[in-house]
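Below is one structure, written out as structure tokens; comments come after it.
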Amino acid sequence: MSKTKQIIHTTFWFNNIWQGTLVLTVLFANLNYYNYAIFAALISFLFIFLELLTLKRKYNVKFGNNMYQSKNILYFISDERDKEIAYKVHTKLIITYQFIIAIAIIFSTYFLRENHLLFIVWVALALYVPNIQYYVLWNHYDKD
């Protein structure tokens, strides 16, 4: 497995974990379990920190001055072939993000006023769908 594919694989699983705990945070806060919500939020931040630490130490990813801004947005790209794959995947993801934003704009008042559970489902889908799509498309275009 190439270094690029290892980074994609690692970030996919770390993102699934911290996004799942973030959705749990919203769910617990909605159900008025604030202690559980704080605990889930702390776990989410812990996994974000572990992801950054893993990328920095294991894969030698260079971050910017504030550690959240990468010096190069395509830090995981190692050659031209990977760059072409990244552009194909990013092009498809733009459509997904536009769809998610359109749904948010259309149903925002309904989500926030009427149905909180539907809002939580939307947050989960907005977090998971692009992450899964990125992973699946990368594996689709990268046949090695």
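The values are calculated or read from the model by the stated rules, or taken from the named source; none is laboratory data. Note that the structure is predicted; figures quoted are calculated from it, not measured. Cβ sites come from the backbone with ideal geometry, for glycine too, and all protein chains shown count toward neighbours.
The figures follow:
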| quantity | calculated |
| --- | --- |
| Residue in the range 13-40 that is surrounded by the most Cβ atoms within 10 Å (Cβ to Cβ), counting only those that are of a type in the set (Phe, Trp, Tyr) and over 14 Å from residue 124 (Cβ atoms) | 14 |
| Within the range 52-67, considering residues that are assigned to a helix (DSSP H, G or I) and charged (D, E, K, R), the one nearest to residue 125 (Cα to Cα) | 56 |
| Residues being of a type in the set (A, V, I, L, M) and surrounded by 17 or more Cβ atoms within 10 Å (Cβ to Cβ) - total across the range 1-12 | 2 |
| Residue pairs meeting the criteria (Cβ under 8 Å; at least 6 apart or on separate chains; first β-branched (Val, Ile, Thr), in the range 94-118; second modelled with pLDDT of 75 or more) | 96/129; 96/130; 96/133; 100/125; 100/126; 100/129; 100/130; 103/122 |
| Single match in 88, 143 (criterion: assigned to a helix (DSSP H, G or I) and basic (Lys, Arg)) | 88 |
| Single unsatisfied condition, residue 51 versus (1) crowded, with 16+ Cβ neighbours inside 10 Å; (2) charged (D, E, K, R); (3) at pLDDT below 90 | (3) |
| Residues (among the aromatic types (Phe, Trp, Tyr), in a helix (DSSP H, G or I) and free of Cβ contacts under 8 Å to residues at least 60 places away in the same chain) located in the range 10-51 | 13, 14, 18, 28, 34, 36, 39, 45, 47, 49 |
| Meets criteria (surrounded by 15 or more Cβ atoms within 10 Å (Cβ to Cβ), within 18 Å of the chain's Cα centre (by Cα), part of a helix (DSSP H, G or I) and among the aliphatic types (A, V, I, L, M)) for residue 104 | no |
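Residues checked against (1) touching a Gly at 6+ places or on another chain (Cβ under 7 Å); (2) surrounded by 15 or more Cβ atoms within 10 Å (Cβ to Cβ); (3) at pLDDT 85 or above:
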{"residue": "80", "(1), (2), (3)": "no, no, yes"}
{"residue": "83", "(1), (2), (3)": "no, no, yes"}
{"residue": "89", "(1), (2), (3)": "no, yes, yes"}
{"residue": "93", "(1), (2), (3)": "no, yes, yes"}
{"residue": "98", "(1), (2), (3)": "no, no, yes"}
{"residue": "122", "(1), (2), (3)": "no, yes, no"}
{"residue": "137", "(1), (2), (3)": "no, yes, yes"}
